[in-house]
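Note sheet for the following structure.
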Amino acid sequence: MNKIPKISTKAVILSAGQGRRLLPLTKNSPKCLLPISGKPIIEWQIDALLASGIEEIIVVTGFQTNLVEKLLQQRYPNHKQIKTLFNPFFEVADNLASCWVARSVMDCDFLLLNGDTIFDVPLLAQVLESESAPITLSIDYKKIYDEDDMKVQLDNKGLVKHVNKILPKDQIDAESIGLIYFRSNGPILFRDAVEEALRYPTELKSWYLTIIDKLAGENLVNVCSISGHRWCEIDYSSDLKKAQELFCE
C-alpha cells in the first residue's frame with residue numbers, strides 16, 4: 001500500500017457549537033458528533049484530511065468538549081498532531097471567536113473548515129491543488145439559493161467581491177461551502193484581521209466570513225469551484241438525510 005505523503009498545510013476545524021437547529025438530537029451532544037452512515041461528522045472530516053496528507057489538525061471545541069476530546073483520543077490514539085483548543089465563549093459568541101482562540105496556530109498555510117461540512121477526498125484534493133492565492137474560497141453553484149446559504153458575488157476577474165447571507169438575488173454567483181485555504185501571506189492577514197475585529201464587543205456575534213468579505217475588497221480572495229464533488233453542510237434534519245444518501249459506505 002502506498003504511503004500518503006505528508007504536506008505542510010494544517011487544518012483548523014471549527015466545532016464549538018451545539019447545533020440547536022438539530023435539537024433534540026444535539027441536546028447532550030455537539031453537532032460534530034452526529035453520525036452519518038455510522039460515522040461522526042468530525043471523523044468524516046479528519047479521515048479525509050489524513051487521506052490527503054494533512055496530519056496537523058486542530059479542532060476548536062466548545063459545547064460538551066469532553067465528548068469530542070474522548071472520541072478523538074479513542075479514534076486517533078496514534079495521531080499526536082490531532083489536538084483540540086477549547087473556546088470558552090461558545091455560548092455567547094459566533095465562530096469568529098473560535099478563530100480568535102485558534103489564531104496562534106494560524107502561522108503557516110492552513111485550511112479552515114466549518115465543523116458541519118462533510119466532503120469527499122477528491123474535493124479536498126481539488127482545493128489543495130488550486131491556483132495559489134492568499135485566500136481561496138471553495139464554492140459551488142445551484143439554481144436557487146436559500147436564506148441560510150453563504151452567498152458569493154464575484155467580480156469580472158473571478159475574484160470574490162462579497163460573501164454574506166444577504167446578497168440580492170441578482171448579485172449571487174455561487175455559495176461558499178465552508179472550506180477556505182489560506183496560503184502565502186493569507187494566514188497573517190486573516191489572523192491580524194480577526195485580532196482587530198474582536199477588539200470591539202459587537203463583533204462577538206460575527207461569523208469569520210465577515211473578515212473574508214472585508215479582505216475581498218483588497219482583491220485577496222480567489223475561488224476554487226468544487227462543482228461535481230460530494231459535500232453536504234448539515235444544519236437541519238433534512239440535511240442529515242441528504243448526507244446519509246451522499247456518504248453511504
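Observations on the model:
- Phi angles across segment 144-153 convert, under the Karplus curve 6.51 cos²θ - 1.76 cosθ + 1.60 with θ = phi - 60°, into 3J(HN,Hα) values of 10, 9, 8, 4, 8, 5, 8, 7, 10, 10 Hz, Gly and Pro given as x.
- Summing Lys and Arg as +1 and Asp and Glu as -1 over all other residues whose Cβ lies under 12 Å from the Cβ of I212 gives a net charge of 0.
- Chain lengthening between K80 and D170 when straightened (0.36 nm per residue, less Cα-Cα): 27.6 nm
- Antiparallel DSSP beta bridges within the chain, percent to nearest 5: 50 percent
- Read-out mean projected area of the Cα convex hull in nm², derived from the coordinates shown; its label in [x] 14.3; [y] 13.4; [z] 12.7: [y]
- Amide hydrogen neighbours beyond the local backbone of I36, cut-off 5 Å, H modeled: I41
- Efficiency of FRET from Cβ geometry, N185 and V92, R₀ 22 Å, rounded to 0.05: 0.10
- Amide H to amide H distances under 5 Å link D94 with K205, S206, where only residues 5 or more positions off or on other chains count and H is placed in the peptide plane.
- Calculated FRET efficiency for the pair N28/S225, C-beta based, R₀ 30 Å, to 0.05: 0.20
- Counted residue by residue at 0.36 nm each, then reduced by the alpha carbon distance between them, the extension gain from L67 to N156 reaches 27.4 nm.
Read-outs throughout are calculated quantities, based only on the coordinates presented, and are distinct from any laboratory measurement. On a predicted model such as this, the values are computed, not experimentally measured, just so you know. Cβ atoms come from the backbone with ideal geometry, glycine included; neighbour counts cover every protein chain shown.
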